[in-house]
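The values are calculated or read from the model by the stated rules, or taken from the named source; none is laboratory data. Being a predicted model, the structure only gives us computed values, none of them experimental. Because the Cβ atoms are built from the backbone with ideal geometry, glycine has one as well, and the counts that use them run over all protein chains shown. What goes into the accessible areas is simple: the full protein's heavy atoms, side chains included, and nothing from ligands, DNA or RNA. Shrake-Rupley method; radii C 1.70, N 1.55, O 1.52, S 1.80 Å.
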Amino acid sequence: QVQLVESGGGWVQPGGSLRLSCAASRSISSINTMGWYRQAPGKQRELVASIASGGSTAYADSVKGRFTISKDSAKNTVYLQMNSLKPEDTAVYYCKAVKYNVAYWGQGTQVTVSS
């Protein structure tokens, strides 16, 4: 079992920044992949960014150059730095961990981008 707790969401004006955190209950060194997903009202959940155990990263085209995923293994935490936020980034952001082909999800954190 892996428990994930997200934090860092909130309201921000367009062009602003937020940093999301995902704290895992176990060592993330043993987790194959961790990622951030988001789900806007009326839309399907989509992958935003992922980071593999070896450190390789992947991003959705819509966030490339604006978002950065990183991890701190000592703190068992994965981060999502979000810059140049746009209203279309508004969504509930979820952290996901995949360990031995089993997926674990956090409860989500709301990000609202509006003026």
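A few points about this structure:
- Looking only at region 53-65, residues that are out of contact with any helix residue (DSSP H, G or I) (no Cβ under 9 Å at 6 or more places or on another chain) and open to solvent by less than 30 Å² (accessible area, probe 1.4 Å) come to 1 in all.
- Candidates are the residues of region 100-115 that are in a strand (DSSP E or B) and in contact (Cβ under 8 Å) with a residue 12 or more places away in the chain; the one that is surrounded by the fewest Cβ atoms within 10 Å (Cβ to Cβ) is GLN110.
- Remark: pairs (first residue in region 1-26, closer than 10 Å to TYR79 by Cα and in a loop (DSSP other than H, G, I, E, B); second residue open to solvent by 50 Å² or more (accessible area, probe 1.4 Å) and not hydroxyl-bearing (Ser, Thr, Tyr); Cβ separation under 8 Å; 6+ apart in sequence or on different chains) = GLY8/ARG19.
- Any hit, region 39-48, residues being farther than 19 Å from THR112 by Cα, modelled with pLDDT of 95 or more, open to solvent by less than 50 Å² (accessible area, probe 1.4 Å) and not in a loop (DSSP other than H, G, I, E, B): no
- Taken together, THR68, THR33, THR90 contain a single residue that is open to solvent by 30 Å² or more (accessible area, probe 1.4 Å) and under 22 Å from GLN1 (Cα atoms), which is THR33.
- Of the residues making up region 71-85, those that are assigned to a loop (DSSP other than H, G, I, E, B) and either closer than 20 Å to LEU4 by Cα or among the hydroxyl-bearing types (Ser, Thr, Tyr) (or both) are ASN76, SER84.
- Cβ-Cβ distances below 6 Å connect the following pairs, each with a first residue in region 72-99 that is touching a residue at least 12 places away in the same chain (Cβ under 8 Å), a second residue that is part of a helix (DSSP H, G or I) and open to solvent by 60 Å² or more (accessible area, probe 1.4 Å), and a separation of six or more residues or different chains: SER73/SER29.
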